[in-house]
Each structure stands twice: as structure tokens, then as C-alpha cells.
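Step one of this worksheet: look at the structure below.
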Amino acid sequence: ILQGDGDGITVQTPNGELLFANRFAANAIGFEDPEELLRTPVTEVMARFELLDERGDPLPLEHLPGRRALAGEQGAQELVRFRVRATGEERWSLVTASPVFDESGRVRFAINIFQDVTARRRIEDSQRFLGEASALLGSSLDYQSTLTGVAQLAVSHLADWCVVYVLEPGGLKQLEVAHADPAKTDLVKRLQDRYPLDETRPGGVGEVLASGESQLVPEVTQEMLRSAARDETHYGGLVQLGLRSAMVVSIRAADQVLGAIVFVSAGSRRRYDQDDLATAEELARRAGMAMEHARMFRERTRVAETLQRSILPPALPRIPGIEMAARYHSAVDGIGGDFYDVFATGRDSWCIVIGDVCGRGAAAAAMTSLARYTVRTAATGESSPGAALQVLNRLLMDTEEDPEFCTVALARLTSALACPGSRSS
């Protein structure tokens, strides 16, 4: 029954030796069969792993459910995160242990049940990480600051160090380099300053930027470091970083590559796999959306500002004896329907107009422009402000679409200084 169970099961004596292990337990620990596991000393078995708690901190051996069960605790349970030292593979197990007593009440042995929850934990951690990253990317339209924050977030979840590159009009820009160990950030930056990224070299960032295809390097070998190094000093620096595994993914929006993110495992000895790559690619996809939204917002703002300027006079005319100033301040973002104008209608006369078209956006701007230039034309040909506004009213009423409300105040100003017999003061 125990050999056929889908969970790993071991039986442990009070001195820590294993009496029994089923096939699932042996395989989970990295052994071919239970017999090989039972032949291996427990100290050697334990040396194969780094035992961590849920937060990634070292897990004291006395917290292991088996140890607690051997001390007489019933139903001891712990979520154990362990990393295989040889491969860097990280696994999660929900371990439950119970003691078995003899007739005198002493613990004869403990039964440990290992339920592999690695797949579930990876999904949960990935969703949590992507959720935090999305909240960060959506917190501002300044994509440079948000991507910097994402790099910092990545080194607490997915990588030991992370580098973000973005393509700008002037070329490729390294936006951020973050390391889980701040002391090594300076080393990374010094290496990058001395040996700048060569986009033409095969592999790595340049290739990902050109193709848009991700790259996964499960194991960074010495041969790879030799190939990447420019000289012995560079090679020594790369070795000092302790590179173990790496991923490079492109930041994209639709079919356009906007940049790249590099994830590197080093001190943690994490070995990236396809699940990690899928998480990295999803992060890059969300970063691309944030960059595209920021670009669209900047473009929309530029268009709005250009259109807004087109419906306002570039400068006020100089009128003898009159001091004039104007300030236009939009209460909300976007294009408004408010407008003003001051223009000459003759040698010694001017018109002052202020108006408001119902609504906002491009339609309001189009109506505003029509109203402003119609008033300019009509006021030049009509002697009274009322007559000029009648011209505007007829034009708006005759438009093919439903006419919008437009409120306009128009005044005509004549300079007394220019009249015969007036005092120069």
C-alpha cells in the first residue's frame, strides 16, 4: 500500500535513520530507488539540500516535522522549501509527521508523508509576483520609473540580478540594474561601464532585440563565460558574479520590440526552467503594455496640446492705452471647448471675444475653431457685435450634424487716443 501511494512516505527511527522509504519519496529526494536512499547515510542525504522556510530563510532542523514527531508531537506539519545543491532545482513539500509509540509510551519511530506541492506553489508565487508587478506598472505613466521598480521587485522574487534595457530614439539604453545583494550592484555596473553591451555579438540581448525571441540558459557554463568575456579581466569579473542560470526576454507591444529584460540566477543557485521563462515573458508582456500606454498617452497629450494651441491666439495685439493679459488654464486633462481672441477690425478698433463650446475632445475643438474664425471674419465685415454673432449663429444652425451649444461674448473696442481732438493722455 505504501509503495503504491502517490505521496512520498518514509519511516524514521529516533536516531534519525530511515527504516523505510517508498519510490515517490526516493525520487523526490533525487534517488533512483528506495534501496539506494536507505543505503545512504542520513547526513549525506541532508547535505544534498538547502532547507528553507516559506519565506526562503534557512529552516532549522528542529522545525522539521519528523524531528518534532520523534519528540512525541502528534500531527506535526510544515511547508518545506528545499533546493537541490547539485542542480539548483527548487521544490516544495507539505510534510506531515506522526509518531508511533510502543507499549510503554516511548516513540518507536515517526512516519513522514511528503506531498509535493511544487507546481501549485509556483503558480501561486508567479501570480503573486505578476500581480505586484502589474500594480507597479499601472501606478504611473512614467514607464522608466515603473520599470526600475519592476527590476527591484524581480530580484526579490525571480532573480539574483536583473537588467532592463529599453530602445529609445537615440539607441539602446540600460534603464536599470538591480541585484539582490547591493554590494554586488557596483561590481555589475563597473563591468558594464568597462565592457559596454555589444548588440552585434551573437546571443544574448542583441539577438533577442533583433528577433524578439526569448532565450533560456538553464546552466551557465565556464565555456559560455569564456565565450562572452572580452579579456581575462572581464572573465574574472563574470566568474566573480557566480552566474548560474539566465533568461533574456523581449519587451514588446504588438509586433514592435521596445526593449529587453535580463534575469540572472547566481548566489541563490536557482536553475531556470520553462515555467520561469513563462513568468518572465508574461512580465515583459505587461511591461510592453505599460510602455505602449505611456507612449499613447504622451502622443495624445502632444496632439491635444497642439490642437489646443491652434484654437487660441498665439499672442495678444498691442492696443494703445490698454494693458492686456490672458491666461488659459484647463480644469481637467484633454481638449476643452473654451476659447478667447483679441483681433483688430480696423485701424483704430479691435474685437475682444470669449466663448465656450459644449463638450470636450476633438469634436469640441473643431467647433471651437469654427466659432473663433467665423467670429473673426464676421466681426471684420459687420459694424456691430450683435450682427457678427448672428452670422455665427446661422452658420452653426446650418451645420449638417446636430448643432452644439456655443456661448460667446463679443465686445468692440475703439481707441479714443486715435479719435480727432482727443487728448494724448
Residues in the stretch 323-347 that are at pLDDT 85 or above and either part of a loop (DSSP other than H, G, I, E, B) or open to solvent by 30 Å² or more (accessible area, probe 1.4 Å) (or both) total 7
- Item | Yes/no for LEU19 being open to solvent by 70 Å² or more (accessible area, probe 1.4 Å), under 25 Å from PRO99 (Cβ atoms) and in contact (Cβ under 8 Å) with a residue 12 or more places away in the chain | yes
Residue check for VAL257: in contact (Cβ under 8 Å) with a residue 12 or more places away in the chain, assigned to a helix (DSSP H, G or I) and under 19 Å from CYS162 (Cβ atoms):
no
How many residues of the stretch 96-117 are open to solvent by less than 70 Å² (accessible area, probe 1.4 Å) and either in contact with a helix residue (DSSP H, G or I) (Cβ under 8 Å, 6 or more places away or on another chain) or of a type outside the set (Val, Ile, Thr) (or both)? The answer is 12
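Within the stretch 370-384, work out how many residues are in contact with a helix residue (DSSP H, G or I) (Cβ under 7 Å, 6 or more places away or on another chain) and part of a helix (DSSP H, G or I).
So the count comes out to 5.
Residues checked against (1) modelled with pLDDT of 90 or more; (2) within 13 Å of PHE339 (Cβ to Cβ); (3) of a type outside the set (Lys, Arg); (4) surrounded by fewer than 17 Cβ atoms within 10 Å (Cβ to Cβ):
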| site | (1), (2), (3), (4) |
| --- | --- |
| ALA362 | no, no, yes, yes |
| MET367 | no, yes, yes, no |
| LEU370 | no, yes, yes, no |
| THR380 | no, no, yes, yes |
| SER383 | no, no, yes, yes |
| LEU389 | yes, no, yes, no |
| LEU410 | yes, yes, yes, no |
| THR414 | no, no, yes, yes |
* Regarding ARG120, is this residue assigned to a strand (DSSP E or B) and open to solvent by 70 Å² or more (accessible area, probe 1.4 Å)? -> no
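Does ARG68 qualify as being more than 30 Å from the chain's Cα centre (by Cα) and modelled with pLDDT of 90 or more?
Spelling it out, ARG68 is indeed more than 30 Å from the chain's Cα centre (by Cα) and modelled with pLDDT of 90 or more.
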Expected single match for surrounded by 13 or more Cβ atoms within 10 Å (Cβ to Cβ), among the polar types (S, T, N, Q) and either in a helix (DSSP H, G or I) or on the phi < 0 side of the Ramachandran plot (or both) among THR233, THR301, THR306 is THR301
(1) in a helix (DSSP H, G or I); (2) under 30 Å from ARG300 (Cα atoms); (3) modelled with pLDDT under 75 all hold for ASP402 apart from (1)
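Condition check ((1) open to solvent by 10 Å² or more (accessible area, probe 1.4 Å); (2) of a type in the set (S, T, N, Q)) across all residues:
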{"site": "LEU238", "(1), (2)": "yes, no"}
{"site": "GLY242", "(1), (2)": "yes, no"}
{"site": "SER245", "(1), (2)": "no, yes"}
{"site": "VAL248", "(1), (2)": "yes, no"}
{"site": "ALA254", "(1), (2)": "yes, no"}
{"site": "ALA260", "(1), (2)": "no, no"}
{"site": "GLY267", "(1), (2)": "yes, no"}
{"site": "TYR272", "(1), (2)": "no, no"}
{"site": "ALA280", "(1), (2)": "no, no"}
Might you check whether a residue that is farther than 22 Å from SER268 by Cα and open to solvent by 80 Å² or more (accessible area, probe 1.4 Å) occurs anywhere in the stretch 79-88? no
- Query: Is it fair to say PRO420 is modelled with pLDDT under 80, under 30 Å from ARG300 (Cβ atoms) and over 42 Å from the mean Cα position of the chain (by Cα)?
  - Reply: no
- Query: Is there a residue in the stretch 35-52 that is out of contact with any Cys (no Cβ under 8 Å at 6 or more places or on another chain), open to solvent by 50 Å² or more (accessible area, probe 1.4 Å) and among the hydroxyl-bearing types (Ser, Thr, Tyr)?
  - Reply: yes
Among strands (runs of 3 or more DSSP E) entirely inside the stretch 132-221, those with 1 or more residues being open to solvent by less than 50 Å² (accessible area, probe 1.4 Å), over 28 Å from ARG85 (Cβ atoms) and free of Cβ contacts under 8 Å to residues at least 12 places away in the same chain are 171-179
Exactly one of ALA287, ALA254 is among the aliphatic types (A, V, I, L, M) and modelled with pLDDT under 90, and that one is ALA254
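The values are calculated or read from the model by the stated rules, or taken from the named source; none is laboratory data. Just so we're clear, the structure is a prediction, and the values are computed from it rather than from any experiment. Don't worry about glycine lacking a Cβ; one is built from the backbone with ideal geometry, like all the others, and counts go over all protein chains shown. Side chains included, ligands, DNA and RNA excluded: accessible areas come from the protein's heavy atoms. Shrake-Rupley method; radii C 1.70, N 1.55, O 1.52, S 1.80 Å.
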